[in-house]
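The structure under discussion appears below in the form of structure tokens.
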Amino acid sequence: MSGHNEATGHAPHRNYVKIWAILMVLLVVSVVGPFAGIRVVTLITAFGIALVKAYMVAKNFMHLDVEKPIIQWLMAVALVLMVLLFYGVAPDVMKDRGRNWEKDAGFHPTVEAGHSGAAGADSGHATGSH
Amino acid sequence: MSFRTIATTRSAMGMPTGRLAIWWVLVSEVVIFGGVLVSYIMHRLAHPEWADQAAHTNLWIGAFNTFVLLTSSLSAVLAHQAAEQGNGPKAARFLFATIGGGAVFLIVKAFEWTSEITHGYTIQSGGFWSYYYTAAGIHATHVLAGMLIMIWVAMSALKNQDLHRVENIGIYWHFVDIVWIFLFPLLYIAK
Amino acid sequence: MMERLIPGASSFSGDIDWLILLVTVIVGFWFLLAQGVFFWLIFRFRERPSVPALYLSAQDKVIKRWLSAHYLILVCDVFIIAAAVKVWVDVKQKRPPADERVRVVGQQWTWTFVHPGADRQLDTPDDIVTADDLHVEVGKTYHFLLESRDVVHSFSVPVFRLKQDAIPGRQIVGWFKPTRTGDYDIQCAEICGIGHGVMNARIHIASAADHQAWVRQNTPAAAAAGGGS
Amino acid sequence: MATTHPAHAVESHGHGHEKQSFFKKYLWSTDHKIIGFQYMFTGMAMALIGAFFAYVFRMQMAYPGEAVPGFGVVSPQEYNALVTNHGTIMVFWVAMPVLLAGFGNFLIPLMCGCDDMVFPRINRLSYQIFFLSTVVILASLFVQGGGFGGAWTAYPPLSSVSEYNLTKIGATMWVIAVALEFVAFLLGGINFITTAMNSRAPGMKAFDLPVVVWMIVIASIMFMASVGPLIAGAVMLLFDQTLGTGFYNPTRGGDPILWQHLFWFFGHPEVYVVLLPALGIVAEVMSVFSRKKLFGYRLIIYTVIATAVLSFFVWAHHQFIAGIDPRMANVFTVTTVIISVPIAETCFLYMATLYGGSIRFTTPMLWALAFLAEFLIGGVTGIYLGSSGADIYLHDTYFVVAHFHYTFVPIAILAVFAGIAYWFPKMFGKMMNETLGKIHFWGTVIPFNLIFIPLFFLGAAGDHRRIFDYTHFPDLATPELQAMRIFATLSLVVMLLFQFVFLYNFVHSLIRGRKAERNPWKANTLEWTTESPAPHGNWKEMPTVYRGPYEYSVPGRPQDYWPQNEPS
């Protein structure tokens, strides 16, 4: 099955080594970025460059640019779904107080998970005020 | 008895079946990693104090592993190029280089984790470490699975068989690479 | 409609009953219409000898006629959404100022209620702590501070039409205003382990005089002595 | 690459039919039909188990504390485990394997006109993983401490901390089983999607596919797109249980609400994942037995896609009172109620198909019509629960239970029986007994309504879910309410007893049934153009497609059907 070249019209030549070299430069930048000590710069060099690198790998190595549009849409939709998940969940999970609740800093459960104890196994009795 | 069914050889939408399938695999992988990363990002933003835990990760090991994975991606795409030219043995050699890259990645990771665990930073040590080990662990499992499948693909590529699989496993490998590209800043740089 | 099944005893129970009735009317109309048409179609177009089936392809005009149901349903939806959101905002999103606050703590498998006592302030020595019995006064607006000490519970008072999950590690605030005296069930409505089925409590809604009498009788002795001086 | 010239290519089957051992033919087969049967029979066996659970806990509810015949006295722990595993099994081990994997495997290659799935060995692996998950979930009921009892939604910390659920091993095995099951269906789903996309018969365009194939594919895509976060969440839950992490532990920076979101982000689309194949089966059956072209074929698919897309935006309506931000609830109310528009449109289009038809009341048609009528009840009662204001009261009451059983029973029972009665000739080469089929039909549908209509009223009266004994709640322990519970329970027993009619009919027809011809129902779709039962490889010569699947009663033709593969 060597047919997909004709089928999708892959670009015949790409200089993969050159792309790899660019990726390496970007990697160096993202590692060096935090040493500037400026938060904004770190964010850009870390996540901005991660996006660029991911885009380059997807485009050039995975050949997503010459892939069928339906595949490009698929990937985009999957990513959009994750954004949707984030914005659906964040109001509840990401904050420490909401419209009608706040996280309880002094919360002590009856059982500390991971440190197994016998307490809580039998029916709890009413304890005093919080 | 041949396992190659007529169904497999058809291509009603003008795209090889294997490649189509691998993209669907990636859709399911995007949402799996998406679930972990969305949860992690949310908690990370909610807990600035996790930065103290993150400060103990080793940036240089992370950077080295990024380098290894990016390079292995290069050899994977070169293997694809060789396979397109019909040169199975050459493709297999590049694939073995990629497998080697994956092995280096996992070995480095094993040493990194061992060192961290002996310093007392286990999966129970805090929220960041839980996500750190879980996200990187799921990723490492994917690297391992990709290597095993790649060995199988390379063995048949040596005999000039099933060369289309070289591209498919390559697409998967690049995806695993992309996941790491995001894990690297999320786990190692953001402090 | 709902009052026949279960009495309503809070200021918003009537609103929720009204919303349920509204949905029943709107949805019931569509339901009966659809079922009526459906059974008529089944009866009318049963197989009869020498009557062949029609060959209809969905032409534009026909499609449009069927699509118009879209808009009708959408209009009904808007009514339902508007009513539902209004009730929701009143019950869950807005909170009228409180006359008193009570703390409700869920725990496997009991409810602990902290009443503010005579001074109407929580976290003072005269707080009255009870297990599985909540005493409130009719006509007063209460804010409840809902907590859980272990797993997810759900504080459900059917006569109030009120329900709110208790999440460990969070304090959730809600409100209610009893409008009718009597003793009613409090349930845990979220599965919470073996004893979920016995995690029952009672709410005692009393008139002002009766409630004050209860408060006096149950004020902790130490607090009564200290508070009286 | 013969497929680039579809009209001229004649594909024929290379490998002959060598004699195979029983093991190779039925247990280790890569044949899509056999794998479909494996899924279907496993699912049906699990349905019996799940039904038995329902019988036991309904009996306990009706006669609290008394020994249940065939089980004994039910302890609270056992009650929780039964309720939990009834839900889990019925959704993940009955509805999914039978509808999606069973019918999907059997139908997609036959309806697409190809010899097998595109990846037969992955398909086999999919079933093997699924079988393993079945073993794990069943074994979890017998380990020390008993089966997991934290409801099928498994909200942490109850599910994540063994001191709370008291079923350390059972809870862990439950998570592992569910995760394995997801992996199995991901592998299966990739097969379904690629087969339908890429392996259609020459001449067959996407809109020549029968609706059921579309539905199964859309369902697989939805499953694939929604399950990822839950797989991640399940791994995190497993680590919370076994490795002592704190992903859902509020004292350690985690959040119990996170699981609820991850679960329902999958959990709501999941409802549509099982609904769509059922809708597809019903479309096939209704079109054939009313001898009518399916009305608005494309429109049905568009409305279903609209429903599928919308269903990703509604998940938090399961959490209205779970402590989520009340303002978010308003958003989710809007999306939830709006979803009624496309799904009602789909129902109208189905009903429009009946208009002008010539309806034959065969057993499959009865099941399909009952599906529509009953599903409508499930649909309209959903509006109550989607309206946030009303959900404050109705949430976690028996109203919810009745609502989703009015969706799931039509989906996983009525539509499945429609499918089995319809495709039985093609599956096994025998006709099913119509009289027994109709007895079974009425014996199932009438008690089904008698079970769940009382539950609506019980729920409205304040009965909340998963309670093993209502005598502790004075307001609920009234004789009237208890009489309704007993009535529902007895109806359930009647309904379960009538299932033996089906089992008898199934086995009897398999052995003694009248031999089926190729096309006993005079249907158009491709699976009826091969022998009954379809041989390995499906066709000796692969079919070519010339028209859509629903050309019934075309004027000017001697017959009232026009098979897809018949040259014009």
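The values are calculated or read from the model by the stated rules, or taken from the named source; none is laboratory data. Computed from a predicted model, the values in this text were never measured in an experiment. Positions of Cβ are backbone-derived with ideal geometry, glycine not excepted, and every protein chain shown enters the neighbour counts.
General remarks:
- Scope segment A:43-69; condition assigned to a helix (DSSP H, G or I), over 28 Å from B:Gly62 (Cα atoms) and facing chain B (nearest Cβ under 8 Å); matching residues: none
- When segment C:3-42 is filtered for residues that are aromatic (Phe, Trp, Tyr), farther than 30 Å from C:Val157 by Cα and either crowded, with 18+ Cβ neighbours inside 10 Å or at the interface with another protein chain (Cβ under 9 Å from one of its Cβ atoms) (or both), the ones remaining, listed by number, are C:Trp30, C:Phe31, C:Phe38, C:Phe39.
- Selected residue [over 22 Å from D:Ala101 (Cα atoms) and of a type in the set (A, V, I, L, M)] from D:Val273, D:Val282, D:Val235: D:Val235
- Only one entry in C:Val85, C:Val136 is closer than 26 Å to C:Ala166 by Cα, under 23 Å from the mean Cα position of the chain (by Cα), of a type in the set (A, V, I, L, M) and not assigned by TED's automatic domain parsing to the domain that holds C:Gln171, namely C:Val85.
- Test: residue in segment C:164-173 that is touching a residue at least 24 places away in the same chain (Cβ under 8 Å), part of a loop (DSSP other than H, G, I, E, B) and either away from chain D (no Cβ under 14 Å) or of a type outside the set (Val, Ile, Thr) (or both): no
- Annotation note: of D:Phe332, D:Phe320, the sole residue that is at the interface with chain C (Cβ under 10 Å from one of its Cβ atoms) and either touching a residue at least 12 places away in the same chain (Cβ under 8 Å) or over 30 Å from C:Gly169 (Cβ atoms) (or both) is D:Phe320.
- The lone exception for D:Lys540 - which of (1) more than 25 Å from D:Leu294 (Cβ to Cβ); (2) buried (at least 21 other Cβ atoms within 10 Å of the Cβ); (3) more than 25 Å from the chain's Cα centre (by Cα) it fails: (2)
- Screening segment D:468-488 for residues that are surrounded by 14 or more Cβ atoms within 10 Å (Cβ to Cβ) and of a type in the set (A, V, I, L, M) and picking the one that is nearest to the chain's Cα centre (by Cα) gives D:Ala488.
- Cross-chain or 6+ apart pairs with Cβ under 7 Å, segment D:516-527 first and touching a residue at least 12 places away in the same chain (Cβ under 8 Å) and within 13 Å of D:Asn565 (Cα to Cα), then acidic (Asp, Glu) and in a loop (DSSP other than H, G, I, E, B): D:Asn524/D:Glu551
- Within segment D:498-510, one or more residues are free of Cβ contacts under 8 Å to residues at least 24 places away in the same chain, of a type in the set (Val, Ile, Thr) and either crowded, with 18+ Cβ neighbours inside 10 Å or out of contact with any Gly (no Cβ under 8 Å at 6 or more places or on another chain) (or both).
- Scoring B:Ser11 on the criteria (1) in contact with an Asp or Glu (Cβ under 8 Å, 6 or more places away or on another chain); (2) within 7 Å of another protein chain (Cβ to nearest Cβ); (3) assigned to a loop (DSSP other than H, G, I, E, B) leaves a single failure, condition (1).
- Of all residues in segment D:324-347 being over 21 Å from the mean Cα position of the chain (by Cα) and more than 19 Å from C:Trp88 (Cα to Cα), the one that is surrounded by the fewest Cβ atoms within 10 Å (Cβ to Cβ): D:Val341
- Within segment C:1-114, helices (runs of 4 or more DSSP H) holding 1 or more residues that are within 30 Å of D:Gly357 (Cβ to Cβ) and modelled with pLDDT under 95: C:13-44, C:60-88
Each row is one residue, and each column tells you yes or no for (1) away from chain C (no Cβ under 14 Å); (2) within 28 Å of the chain's Cα centre (by Cα).
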| site | (1), (2) |
| --- | --- |
| D:Ser21 | yes, no |
| D:Ile35 | yes, yes |
| D:Ala45 | yes, yes |
| D:Arg58 | yes, yes |
| D:Asn85 | no, yes |
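- Qualifying residue in segment D:416-434 (condition: of a type outside the set (D, E, K, R), closer than 29 Å to D:Arg58 by Cα and surrounded by fewer than 22 Cβ atoms within 10 Å (Cβ to Cβ)): no
- The criterion of at least 3 residues that are touching a residue at least 60 places away in the same chain (Cβ under 8 Å) is met, among helices (runs of 4 or more DSSP H) falling completely within segment D:101-194, by D:104-112, D:120-139.
- Within segment A:57-76, considering residues that are surrounded by 16 or more Cβ atoms within 10 Å (Cβ to Cβ) and within 17 Å of the chain's Cα centre (by Cα), the one nearest to B:Glu29 (Cα to Cα): A:Met75
- Residues that are under 23 Å from the mean Cα position of the chain (by Cα) and facing chain D (nearest Cβ under 9 Å), drawn from segment B:123-134: B:Ile123, B:Phe128, B:Trp129, B:Ser130, B:Tyr131, B:Tyr133, B:Thr134
- Which listed residue, of C:Trp88, C:Trp109, is in contact with a Gly (Cβ under 6 Å, 6 or more places away or on another chain) and within 7 Å of chain D (Cβ to nearest Cβ): C:Trp88
- Within segment B:60-77, the set of residues being aliphatic (A, V, I, L, M) and within 7 Å of another protein chain (Cβ to nearest Cβ) comprises B:Ala63, B:Leu70, B:Leu74, B:Val77.
- Sole residue being without any contact (Cβ under 8 Å) to a residue 12 or more places away in the chain, under 30 Å from D:Met236 (Cα atoms) and buried (at least 22 other Cβ atoms within 10 Å of the Cβ), chosen from B:Val31, B:Val36: B:Val31
- Residue in segment B:152-168 that is farther than 22 Å from B:Ala82 by Cβ and more than 12 Å from every other protein chain (Cβ to nearest Cβ) present: no
- Residue match in segment D:379-389 (condition: in contact (Cβ under 8 Å) with a residue 60 or more places away in the chain, buried (at least 20 other Cβ atoms within 10 Å of the Cβ) and more than 9 Å from chain C (Cβ to nearest Cβ)): yes
- Condition check for D:Ile321: among the hydrophobic types (A, V, I, L, M, F, W, C) and surrounded by 21 or more Cβ atoms within 10 Å (Cβ to Cβ): yes
- Filtering segment B:14-43 to residues that are within 22 Å of D:Phe182 (Cβ to Cβ), among the hydroxyl-bearing types (Ser, Thr, Tyr) and at the interface with another protein chain (Cβ under 7 Å from one of its Cβ atoms) leaves B:Ser28, B:Ser39.
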